[in-house]
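All of the numbers you see were taken from the coordinates with simple rules; none came from a lab. What you see is a predicted model, and the numbers here were worked out from it, not measured in a lab. No Cβ is skipped: glycine too gets one built from the backbone with ideal geometry, and neighbour counts run over all protein chains shown.
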């Protein structure tokens, strides 16, 4: 029997079915991510029931493949971990039910992982030097939050939410704006590609995502601005009124405004708290403009950054396993009554 810590982790919070086996909190032995982009592209966004059915079809075959690829036996596992919050409630239930069944069948501890904490753990996995206290910016289709992460009890960092979006998440805004501009789904990568050829100051939107409270974010007004620009005052029923150049300029201005808001608020909190490190996580963290801007401004301010590689930004099970490893070391165990939470 191996003396290594081996964590099997499952992730099914939205539209990616993922699994991973992590050794000793750092070494990825095997992983899989089954994307549902092609399924949801037909509808222009994620359909919860379609996502749930795809999770059911992919999850256990993916786990079987992990064991085949590694040669590891279930008896060798230290624990089974799973994302149990936040996310689409049906999608979460698929993963949690599977994890409970496996933990029960194999007589292994069960560990529930917060999806947000997983994204932050991805930054720590990518940059081992990252140590609390630090500011963590988590940006995805469902979340746009700034946290102050402090060291707590062993394995249990304390996370204080310093700022969040007052309405839409940045990733959701990217998706909706891309749809309005006729760019399709998924919106984030398509907006980023379109923005490469556009003028980032073509539209006067720079501070539109910064509410006057001086702390939080707001992206609904920016979406409305894109709507009026793209469709005119006719709104959603109108035809796209921009040519290709106009679409590129709109995409570039939109991206520039979102990135400016995210980075400026992050730097404000870094100055206020006096931290030396910034961490970035979430699907929108794959945006190259955001990655480069945050790294550049942090360096100019004498701060260090922990930015995960692209594969650890979008939803994955490696980050879940990384967080679960810390929780396992801290003695955290969950019962088979582990619940799921959408928020």
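Descriptive notes on the structure:
- Backbone N atoms of segment 213-233 closer than 13 Å to the 7 Å Cα→Cβ label point of residue 164 belong to residues 216-217.
- Packing-based exposure ordering (other Cβ within 10 Å, fewest first) of 32, 341, 219, 254: 341, 32, 219, 254
- Residues 228, 43, 147, 328, arranged from fewest to most other Cβ atoms within 10 angstrom of their Cβ, appear as 43, 228, 328, 147.
- Separation of alpha-carbon centers, segment 280-333 and segment 152-211, rounded to whole Å: 16
- For segment 1-37, backbone nitrogen atoms closer than 12 Å to the point 7 Å from residue 75 Cα along Cα-to-C-beta are found at 1-2.
- Coordinate range along principal axes, alpha carbons of segment 179-246, Å, largest first: 35, 28, 23
- Shape class for segment 84-205: oblate, because the ratio a/c of the largest to smallest gyration tensor axis (alpha-carbon atoms, square roots of eigenvalues) is 1.5 or more and b/c is at least a/b.
- For the chain, the longest principal axis of the alpha carbon atoms and the long axis of helix 89-106 meet at an angle near 20°.
- Shape call, segment 28-167: gyration tensor on alpha carbons, a/c limit 1.5: oblate
- In the chain, the longest principal axis of the Cα atoms and the axis of helix 244-273 are about 60 degrees apart.
- Nearest-ten-degree value, helix 318-329 long axis tilted from longest Cα axis of the chain: 50
- Three-way shape label, segment 197-343, alpha-carbon gyration tensor, a/c 1.5: prolate
- Footprinting exposure proxy for 72, 120, 307 (fewest neighbouring C-beta atoms within 10 Å first): 72, 307, 120
- Separation of the residue 288 and residue 336 label points, Cα + 7 Å toward Cβ, nm: 5.0
- Using a simple spin-label model with pseudo-atoms 7 Å out from Cα toward Cβ, residue 106 and residue 272 lie 4.3 nm apart.
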